[in-house]
2 protein chains.
Amino acid sequence: MPLKIALAQLNLMVGDIQANARTIIAAACHSKERLAADLVLCSELSVTGYPAEDLLLRRDFVRQARQAVTEIAKHSPTRLDLVIGFPEMDEMGNLFNSAAVLRNGKVLVCYRKMALPNYGVFDERRYFKAGAQTCIFKLKDTLMGLAICEDVWRPGILANNKKDGAELVLVLNASPFHAAKMQQREDIVVNQARELELSVIYVNQVGGQDELVFDGASFAVDHLGEVVFRAEEFKEQLGLVEYTDKKLQKTNCAPFYNEISSEYQALVLGIRDYVAKNGFQGAILGLSGGVDSALVLALAVDALGEKQVTAVLMPSRHTLEMSMEDAISEADALGVKRHIIPIEPAVAAFTELLEPVFAGTRPDTTEENIQARCRGIILMALSNKLGGLLLTTGNKSEMSVGYATLYGDMAGGFAPIKDVPKLLVYKLARYRNSITRVIPERVLTRPPSAELAPDQRDEDSLPPYKMLDPILEKYVEHDQSVSEIIAAGFEPDDVLQAIRLVDRSEYKRRQSPPGIKITPKAYGRDRRYPITSGYRGDKAEDSL
Amino acid sequence: MPLKIALAQLNLMVGDIQANARTIIAAACHSKERLAADLVLCSELSVTGYPAEDLLLRRDFVRQARQAVTEIAKHSPTRLDLVIGFPEMDEMGNLFNSAAVLRNGKVLVCYRKMALPNYGVFDERRYFKAGAQTCIFKLKDTLMGLAICEDVWRPGILANNKKDGAELVLVLNASPFHAAKMQQREDIVVNQARELELSVIYVNQVGGQDELVFDGASFAVDHLGEVVFRAEEFKEQLGLVEYTDKKLQKTNCAPFYNEISSEYQALVLGIRDYVAKNGFQGAILGLSGGVDSALVLALAVDALGEKQVTAVLMPSRHTLEMSMEDAISEADALGVKRHIIPIEPAVAAFTELLEPVFAGTRPDTTEENIQARCRGIILMALSNKLGGLLLTTGNKSEMSVGYATLYGDMAGGFAPIKDVPKLLVYKLARYRNSITRVIPERVLTRPPSAELAPDQRDEDSLPPYKMLDPILEKYVEHDQSVSEIIAAGFEPDDVLQAIRLVDRSEYKRRQSPPGIKITPKAYGRDRRYPITSGYRGDKAEDSL
């Protein structure tokens, strides 16, 4: 008997169980009525959204989620199987990351996730106990298995589904984006599908949640290992596949975005959802004439529309004329509202107030920080008064080495490009210009400067980004040692300087706003370092 | 044969493997030479310090720790067993939280921790695999077992040591402080010791590490369940117990501090170690004339000495005369340096700069925030220029409901009383005054005010602290639901207001500096909530 299976790639809201229930019920009704589906597959923990973090430790939250499962079952169409994810508590008070199959108003079976990730951004063992067995159920004449996200990455779980009789496995996922991740996911499933001669349907959540973006890119793989369906990335979609004569039928396969384009889309979706889900009226940002704020402006406009974005130019005595020109040209090219508020009077007020205490000291970064912090105050005042979310414009290279002012340019509610290294900032800016030209060429070619002191350039304080970025990638993302990085051909002085700066800047990162993860290891929940730390790398090994 | 066992309650430095190795070797030499000890017991992961967090994911770090074990063995006295903790990697690359017994220059045996805590502040399953078996070794004619921290909280592990022949179990710990925790620890051990007729020696780390304070309070319990030795709290100490005729001999038992006193000591140690271990030259803070900054000043002076603390008074037009008087009297009573820097000229500069954009709007919290942020800039400038750590003075009640200005009074590197609810702030201030009177009585009796608007009082915006604090404790520390808290007799309006404010303030807390955990659940790594969250408590349950 042919089966029609709908893939519900939905943008859910963490914690808003009622809204998620309504979204799921609507997807079920649509799938039944418009698509004539026999089964609808939703994503992991779809009832609560993912990751709900310590909300999962609340009894009231877990109870509400369970009640929602009952409500969803009651309000969904009959003669339709609906597979949803929810936190399931047993009689002993143990919590499981479960999938429920709802049929004709009732819970038919529940499957409990066996592989609980507890690395990177994941803390599932903080909340859940692991399940112990597969769960096979029959729809018409087809035996189906269930798996949840990490289960497909752990060898043996899909195989056990096959062994226990499943010919088709439904996988519920909440797999966050990083560059090239969608290909990784498909590969891991395709290889097992082919080897086990098992059909697999994989549904991923879509949308932004604090630091994470879920890219969707749900797909179906037949028992020969061919991808027969792929949903669009970064969009909600109800896909449909047919299982006929024991085979998934080929249908629409949306192409993958290329890497740079998917990174750009992830950033846009991350901004859009943070603003919308937190109830902000648009966004504001400081526009300096540099490439970082130029990129964030373009991202914000692409996410929210130009009417929802306000740019603020805050020149000081160190701001070059061309910086103002370029900033104005960026704001005008994108059609956003802009304010020009010079900071000198505020800086002068602090200089005078501090003069009695500072008398006899020499200028240092203190004076640079005062300028950055005056801008921070102005931007926060505009955000407080007018209601827009303040976006910071710092990139990952700066966040790594602490080349940013706490409460200054780091002030803001969301840091869109916090996980974007400087060289990638340029690539993304050029990519955006290739669609429509919104950033002046000069911004992409002049040497970067914070413009907090006369003739200042980033390279006065830091190794050139061409050296710095790969060193940072090796140290931060791949946990390589000083010796390994030097052995790879980098200047020992550059390596030691970069790493010392990374280690010393943890206190700044701890107070930075959340940003969007696009690399395999982002700052935040993904990389948890102590502030107080005496570790100085493997160069110290011989000094006992 | 009698045995002398030294308890090395040491203040170690996370990440500084070389320094920790030297500290351990010195303790071993002293124990052998001065105390004639047969065995020295150190705390959990003593080689790396605890918690080393994601440093444990670095191969170079784990390799260095292993080399340090070899070095420690080589440099320690012969005819002395030395028990230390280190991260042990097996040939497969699995990491264990292990204890090594060093004897005569070599590793005699290793025990791998079986119970890995992954709740609260603990993430051990992120790093470690669990061990699978007890480890019994013989010293002279005594069979000893080993256990590590959480092992004694999980039923069965001490029992298995007994079953496998141990008559005395050595427990390595890194058990962080919260109020009344030491009594809990002793109770759990005493009960098992008595029931199993097993002697237990328990050594805990001491010292501050970012958000955590380890209080020491190491102890020994004989096979009848009597505490025969207790080390002092909050101090390094090399204790000594004798095991003669199969019985631990009674010796010095330092009394427990009472609860308020232990909380005060924990805060003092937390400040002292954060400043010292991060290499700051003393501390500075803004002194408002309110009770919060008065307490933080006293704590800072008790931690660092009056010469290392600078107080800054920053009056505005809303600052009452008595606030200035009281602040000056506090600074003078403690003998710290003080600066008076009025903020009006800076506030006026921003008011003027923003006038064109703000024209036609009404004053709101924007203007209050500008004042708080001008103070933040001044304090950070002083910290940047003079090198002291800026301490924030916000309490847990404020942090809970967001009654604080991001980048304003929240600006700073460390937040000592972030986990101290307002009512406890008063208790701690009175406790400190009971030693020497340093805070004017008026500060303890006048209604609290942020003094950011005319005649402002906290109670204009918040429920009275007598209501607020217990509501917050139930909601934040005990995860109780709205219904449960109302059922306990609190005003529904107060409960709903408090909880709405807590939920909405997560973005502020995410950017707050670390502070010292003294309650069972602190903000920070202990309570991980999403910023983006649609959860509105169990009052929303019926609205689907």
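If I model segment B:55-146 as equal point scatterers sitting on the Cα atoms and use the Debye formula, what is log10 I(q)/I(0) at q = 0.12, 0.13, 0.19, 0.25 Å⁻¹? One equal scatterer on each Cα of segment B:55-146 leads to -0.41, -0.47, -0.93, -1.30. For chain A, adding -39500 (n - 2.57) for each run of n ≥ 4 DSSP H residues and dividing by the number of residues yields -11500 deg cm²/dmol at 222 nm. Annotation: per residue accessible area for segment B:3-257 equals 34 Å², rounded to a whole number [probe 1.4 Å, protein chains only]. Output the pairs from A:113/A:246; A:277/B:396; B:4/B:138; A:385/B:521; B:113/B:521; B:4/B:277 with a Cα-Cα distance over 23 Å in this structure; if there are none, say none. From A:113/A:246; A:277/B:396; B:4/B:138; A:385/B:521; B:113/B:521; B:4/B:277, over 23 Å: A:113/A:246; A:277/B:396; A:385/B:521; B:113/B:521; B:4/B:277. Centre-to-centre, using Cα atoms only, segment B:295-331 and segment A:364-424 are separated by 30 Å. Computed from backbone phi, the HN-Hα couplings of segment A:395-407 come to 9, 5, 4, 5, 4, 5, 9, x, 8, 5, 9, 4, 6 Hz, rounded to whole numbers (Karplus: 6.51 cos²θ - 1.76 cosθ + 1.60, θ = phi - 60°; Gly and Pro given as x).
Using DSSP to define loop residues, name the GluC sites (Glu not before Pro) in segment A:1-108 whose beta-carbon has at most 11 other beta-carbon atoms within 10 Å. Taking segment A:1-108 and a limit of 11 other Cβ atoms within 10 Å, the loop GluC sites (Glu not before Pro) found are A:91.
Between the amide H of residue A:102 and those of A:82, A:83, A:84, A:108, distances stay under 5 Å, these residues lying 5 or more places away or on another chain, with hydrogens modeled in the peptide plane.
Overall size of segment B:160-311 from C-alpha positions, given as principal axis extents largest first: 60, 27, 26 Å.
For residue A:169, the residues whose amide H sits under 5 Å from its own are A:145, A:199, A:200, A:201, ignoring neighbours fewer than 5 places away on the same chain, with H placed 1.01 Å from N.
Within the P(r) computed for chain B, what percentage of the Cα pairs occupies the region above 44 Å? Intermediate results must be reported in sequence, preceding the final value.
Numbers: 36239 of 147696 pairs.
Everything past 44 Å amounts to 25 percent.
Interface burial in segment B:370-411 reaches 10 Å² or more for B:370, B:373, B:377, B:378, B:380, B:381, B:382, B:384, B:385, B:386, B:407, B:411, comparing the full protein assembly with the chain by itself; accessible area from heavy atoms with a 1.4 Å probe.
Inter-copy label distances for residue B:224: 8.1 nm (label point placed 7 Å from Cα along Cα→Cβ; shortest first). Mind grabbing the base-10 log of I(q)/I(0) for segment B:122-223 at q = 0.15, 0.19, 0.21 Å⁻¹? Debye formula, identical points on the C-alpha positions, no solvent, two decimal places. Listed by q, the Debye log ratios stand at -0.63, -0.96, -1.12. Summarising the overall dimensions of segment A:3-257 from its C-alpha atoms, the Rg and Dmax are 16.3, 46 angstrom. Taking the Cα centre of segment A:3-257 as origin and assigning +1 to Lys and Arg Cβ atoms and -1 to Asp and Glu Cβ atoms, the resulting dipole is close to 660 debye. Working note: Karplus 6.51/-1.76/1.60 with θ = phi - 60° gives segment A:371-381 the couplings 4, 4, 6, 4, 4, x, 4, 4, 5, 5, 5 Hz, where Gly and Pro are set to x. Take the Cα of residue B:504, step 7 Å toward its Cβ, do the same at residue B:484, and the gap between the two points is 2.5 nm.
In chain A, the longest principal axis of the Cα atoms and the axis of helix A:492-504 are about 70 degrees apart. Net charge around residue A:223, counting only other residues with Cβ within less than 12 Å of its Cβ (Lys, Arg = +1; Asp, Glu = -1)? With Lys, Arg at +1 and Asp, Glu at -1, the neighbours total -2. The residues of segment B:64-83 listed by number as losing at least 10 Å² of accessible area in the complex, against the isolated chain and with a 1.4 Å probe, are B:64, B:67, B:71. Rounded to the nearest 10 degrees, the angle from helix A:291-304 to the longest Cα principal axis of chain A is 40 degrees. What the phi angles of segment B:329-344 give under the Karplus curve with 6.51, -1.76 and 1.60, with θ = phi - 60°, is a coupling list of 5, 5, 4, 6, 4, 9, x, 8, 5, 9, 10, 10, 10, x, 9, 3 Hz, glycine and proline written as x. Taking amide H atoms as placed 1.01 Å from N in the peptide plane, the amide H of residue A:531 has no partner under 5 Å among residues 5 or more positions away or on other chains. Helix B:422-435 axis versus longest C-alpha principal axis of chain B: approximately 70°, rounded to the nearest ten.
Each label point was placed 7 Å from the Cα along the Cα-to-Cβ direction; for residue B:459 and residue B:197 their separation is 6.2 nm. Working value for segment B:270-380: equivalent-ellipsoid semi-axes of 31, 16, 11 Å, each the square root of 5 times a Cα gyration tensor eigenvalue, largest first.
Quick one: if the Förster radius is 41 Å, what FRET efficiency do residue A:30 and residue A:184 give, using the C-beta to C-beta distance and rounding to 0.05? Efficiency for this residue pair is about 0.85. What separates the Cα centres of segment B:8-23 and segment A:216-281 is a distance of 50 Å.
Listed cross-link partners B:163/B:250; B:235/B:517; B:235/B:474; A:129/B:129 are compared with a 27 Å cut-off, the Cα-Cα value being larger for B:235/B:474. The label-point distance for residue B:351 and residue A:316, in a model that sets each label 7 Å from Cα toward Cβ, rounds to 2.4 nm. Summary of the geometry: segment A:117-144 and segment A:425-448, compared by the centres of their Cα atoms, lie 45 Å apart.
Label-point distances for residue A:352 to the equivalent site in the other copies, using a point 7 angstrom along Cα→C-beta, read 0.8 nm when ranked shortest first.
The mean of 1/r over all pairs of different alpha-carbon atoms in segment B:263-460, once inverted, gives a Kirkwood hydrodynamic radius of 17.0 Å.
Cross-link reach is defined here as a Cα-Cα straight distance under 16 Å, omitting same-chain residues fewer than 8 places apart; for residue A:106 the aspartates and glutamates meeting it are A:38, A:71, A:81, A:88.
Inter-copy label distances at residue B:154, shortest first and taken from points set 7 Å along Cα to Cβ: 1.6 nm.
Computed with the Debye formula from one identical point scatterer per Cα of segment A:221-300, without solvent, the log10 of I(q)/I(0) at q = 0.13, 0.18 Å⁻¹ comes to -0.61, -0.85.
Rounded to the nearest percent, how much of the accessible area of the protein assembly as shown (1.4 Å probe, protein heavy atoms only) is carbon and sulfur? List each step's numbers first, then the result.
Values: 19470 of 38690 Å².
Carbon plus sulfur share of accessible area: 50 percent.
Share of Cα-Cα pairs in the protein assembly as shown beyond 54 Å, in percent? Every Cα pair in the protein assembly as shown considered, those over 54 Å come to 19 percent. Computed from protein heavy atoms with a 1.4 Å probe, the total accessible area buried between B and A is close to 8000 Å². Among the residues of segment A:511-532, those with an accessible-area drop of 20 Å² or more from chain alone to full protein complex, heavy atoms and 1.4 Å probe, are A:511, A:514, A:528, A:529, A:530, A:531, A:532. Heavy-atom accessible area, probed at 1.4 angstrom with all protein chains present, ranks B:358, B:214 as B:358, B:214, highest first.
The values are calculated or read from the model by the stated rules, or taken from the named source; none is laboratory data. These numbers were taken from a predicted model, which means no experiment stands behind them. Backbone-built Cβ (ideal geometry, glycine too); neighbour counts: all protein chains shown. All accessible areas refer to the heavy atoms of the entire protein, side chains included, with ligands and DNA or RNA removed. Shrake-Rupley method; radii C 1.70, N 1.55, O 1.52, S 1.80 Å.
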